[in-house]
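Peer 1: The following block contains the structure, expressed as structure tokens.
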Amino acid sequence: MARKPLIVRTVSPLRKAVATLRKKHDSVALVPTMGALHDGHFSLVRHARKRAGAVAVSIFVNPKQFAPNEDFGSYPRNFEQDVAALSKLGVDLIWAPTETAMYPGGFCTAITPGGPALAGLEDAFRPHFFGGVATVVAKLFLQVTPDVAIFGQKDYQQLKVVTRMARDLDLPVKVVGCPTMREKDGLALSSRNVYLSVEERVTAPVLYRVLKESAARIKAGEPIAAVLADGRAAIEKAGFKVDYLEGRHAETLEAVVSAADGPIRLLVAARLGRTRLIDNLGV
Ligand code: AMP
């Protein structure tokens, strides 16, 4: 029978719980999430179980990574369902801090990431975003002190930002990226997919289709700029407003001119009605 994970909401019991887990299981993996869990998150949990003796999942909708005009208030929250699913997966610990446990009164310290956080992709449209992510992830690492932290490639720029931050600050954690889980029609699983109307849900897989076609054409030697111009047009034609569709160096996220500058990662963000979707694919 599934054993309910220990749920902790403040730092002091968290530290005790982690110490107990480490004593018993040697190593601890952390999967940071904002809840509303789906198979993408579960794939990270399964991977975490392979990498460490004990698995902790954090669930925290981080106000610092949302701008005032964004969806912090309406972001889906299904805590009881999340706990039930994580129980079945054998998770040991759920770190679900209250907002005051994470940001006590007077909180005024932040991490300012550079490098991949200033690549001109997500940061160009959500300037507050990576500062909020880096600050909360640094805190999660210091609170849980995991040996390994598992992130999805779905949020590719975020994965690079967190990897860089851990390296730059000598945080003693190995950051691991896992592949994107998709619906059968290619749409990347996302907690925000629930915002899509029935019609939008039919259109949404266009993003992945364009990424796949573009990757194949670039691989076959076609010029990147022309391929991506076609891709942008196809996405707009389907009814999206494109924030960006770009090919970047897969590690640095710097601009590339040709496949010879590669390895190349294609990254896209586009809005369909009120839903903003992001996705990416290696060439
Ligand atoms: P979120 O709850 O959306 O902040 O995501 C928590 C973690 O799950 C992040 O590391 C995401 O990259 C990862 N994730 C989200 N969607 C997927 C997906 N479809 N496949 C794999 N990982 C994902």
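No value in this document is a laboratory result; all are computed from the given coordinates. Everything numeric in this text was worked out from a predicted model, so none of it was measured. Backbone-built Cβ (ideal geometry, glycine too); neighbour counts: all protein chains shown.
Peer 1: Under a GNM of the chain (C-alpha, springs under 10 Å), which listed residue has the highest mean-square fluctuation: Ser58, Ser87, Ser197?
Peer 2: Judging by the Gaussian network model, the answer is Ser197.
Peer 1: Mind checking which lysines have their Cα closer than 16 Å to the Cα of Lys16? Skip sequence neighbours fewer than 8 apart in that chain.
Peer 2: Counting by Cα, and skipping residues close in sequence, Lys16 has these lysines nearby: Lys24.
Peer 1: Fewest to most neighbouring Cβ within 10 Å: what's the order for Lys160, Lys184, Lys16?
Peer 2: Fewest-to-most Cβ neighbours within 10 Å comes out as Lys184, Lys16, Lys160.
Peer 1: Now for a separate question. Which lysines, on any chain, are close to Lys184 with Cα under 28 Å apart, when same-chain ones fewer than 8 places away are left out?
Peer 2: In chain and number order, the partners are Lys50, Lys88, Lys154, Lys160, Lys212, Lys219, Lys237, Lys241.
Peer 1: Which lysines have a Cα less than 16 Å from the Cα of Lys139, not counting those fewer than 8 places away in the same chain?
Peer 2: Lys64, Lys174
Peer 1: Mind checking the dipole of the stretch 1-103: about its Cα centre, +1 per Lys or Arg Cβ, -1 per Asp or Glu Cβ, Debye to the nearest 20?
Peer 2: Taking the Cα centre of the stretch 1-103 as origin, the dipole is about 660 debye.
Peer 1: Turning to a different aspect of this structure: Please find, in a Gaussian network model of the chain (springs between Cα atoms separated by less than 10 Å), the residue of Asn69, Asn193, Asn78 whose mean-square fluctuation is greatest.
Peer 2: Asn69
Peer 1: About the Cα centre, and with charges only on the beta carbon of Lys, Arg (+1) and Asp, Glu (-1), how big is the dipole of the stretch 68-184? Nearest 20 debye, please.
Peer 2: 300 debye
Peer 1: Output the peptides 241-248, 129-136 sorted from most to least packed, where packing is the average of other Cβ atoms within 10 Å over each peptide's residues.
Peer 2: The densest-packed peptide leads the list: 129-136, 241-248.
Peer 1: Relative to the first principal axis of the alpha-carbon coordinates of the chain, what is the inclination of helix 79-88, with its axis defined by its Cα atoms, in degrees from 0 to 90 and to the nearest 10?
Peer 2: Orientation of helix 79-88: about 80 degrees from the principal axis.
Peer 1: Using packing as a proxy for protection, rank 227-240, 137-150 so that the peptide with the highest average count of other Cβ atoms within 10 Å comes first.
Peer 2: Ranked from most to least packed, the peptides come out as 137-150, 227-240.
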